[in-house]
1. Conditions: (1) surrounded by fewer than 16 Cβ atoms within 10 Å (Cβ to Cβ); (2) within 30 Å of residue 270 (Cα to Cα). Residue 205 meets all but one. Number of the miss?
2. Only strands (runs of 3 or more DSSP E) wholly contained in the stretch 122-239 count here; list those with 3 or more residues that are farther than 30 Å from residue 286 by Cα and in contact with a helix residue (DSSP H, G or I) (Cβ under 6 Å, 6 or more places away or on another chain).
3. If you take the residues of the stretch 24-48 that are more than 9 Å from ligand 2 (Cβ to nearest atom) and in contact with a strand residue (DSSP E or B) (Cβ under 7 Å, 6 or more places away or on another chain), which of them is nearest to residue 158 (Cα to Cα)?
4. Looking at the stretch 114-137, which of its residues are free of Cβ contacts under 8 Å to residues at least 24 places away in the same chain and either under 17 Å from residue 155 (Cα atoms) or more than 16 Å from ligand 1 (Cβ to nearest atom) (or both)?
5. Return the only residue of 29, 19 being free of Cβ contacts under 8 Å to residues at least 60 places away in the same chain, among the small types (Gly, Ala, Ser) and not assigned by TED's automatic domain parsing to the domain that holds residue 286.
6. Those residues that are crowded, with 18+ Cβ neighbours inside 10 Å and out of contact with any Asp or Glu (no Cβ under 7 Å at 6 or more places or on another chain), I need them from the stretch 236-245; list them, please.
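The values are calculated or read from the model by the stated rules, or taken from the named source; none is laboratory data. No experiment lies behind these values; they were computed from the predicted model shown. Here Cβ is always computed from backbone atoms with ideal geometry, including for glycine, and neighbour counts include all displayed protein chains.
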Amino acid sequence: MSNNFKSGFVSLIGRPNVGKSTLMNCLIGEKIAIISSKPQTTRNKIQSILTTDDMQVIFIDTPGLHTPKSKLGDYMVKSAENTLSNVDIVMYLIEPFEKIKDSDRAILDRLARVKAPVFLIINKIDTVEKPELLKVIEAYSKEYPFKEIIPISALKNKNTQDLLNAIKKYIPEGPKYFPDDMITDQPERQIIAEIIREKALYLLQDEIPHGIAVEITSMKPRKDKDITDIEATIYCERESHKGIIIGKQGSMLKKIGSNARRDIERFIAGSVNLQIWIKVKKDWRDSDFLLRNFGYDDKKI
Ligand SMILES: Nc1nc2c(ncn2[C@@H]2O[C@H](COP(=O)(O)OP(=O)(O)OP(=O)(O)O)[C@@H](O)[C@H]2O)c(=O)[nH]1
Ligand SMILES: [Mg+2]
């Protein structure tokens, strides 16, 4: 290791659905965080680690900042805000809209108290023309003294090298916090539970997927065969939701299961036998006890 090895923590914050998780996965080159077109997909802080010859960056993907309507929402927002005071760089992601929404104004207000350098990352530039982009840059640069303004497309992997170069400029000298081959702090079971939740988010409508929690109750590789038996439980908030998640003759649950199995097999690089059960836990999103039980523990933020 050379003397001037650099390392640090970089938080990705922004409104829901702006592409924070997509960007983190893109920078790491692996799918660590789940993604969906529905807002409020990410519920926890998720760390991933990029190690190069001369730098180690720990990216922290966070839940989208919004006005919470449940205790789960409170937990999500708190865990995102908490990163603001503990990182070396804050990357504030927006979509390329010139008009600054109230919810973005609220984030800009919070940024005023941040000591770390703040980058404005304008994501989804594949959806706009250059003149529009310039207007976005102009509107936002009036609002805050951003250290860098970097337009990117996380989906198309555009300009992300420029972003990494900028990170390198601002990150301090420091030690290697994690081993070279470690890419995330997420336990395997957590990632598998999240894959199942991602498929449910994709296939289910309205409020139902937002009221889902997934728990892996058992995971056992078979002794005689190259196959892993995984048992999972999907928790939902109402009896009526349970019916919808199971679907006609079990068709919805089957779809969620087979979509998830495909991704889990890729993730663990082996065959999987996946069994999913559905249970109702009424209003779990507002129960301190159940939130903690599902890993949304605000004492651990
Ligand atoms: N066109 C386009 N779409 C993108 C880009 N980056 C992300 N998306 C899409 O935006 C949607 C939201 O992406 P996520 O990465 O889940 O967004 P997020 O900010 O993590 O959302 P939350 O976890 O809900 O806060 C998905 O449908 C992505 O495919 C981009 O560069 N271009
Ligand atoms: Mg996300």
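1. Going through the list (1) surrounded by fewer than 16 Cβ atoms within 10 Å (Cβ to Cβ); (2) within 30 Å of residue 270 (Cα to Cα), residue 205 breaks only (2).
2. Ranges flagged: 148-151.
3. Among those residues, the one meeting the criterion is 27.
4. Result: 129, 131, 134, 137.
5. 29
6. Passing the criteria: 236, 241, 245.
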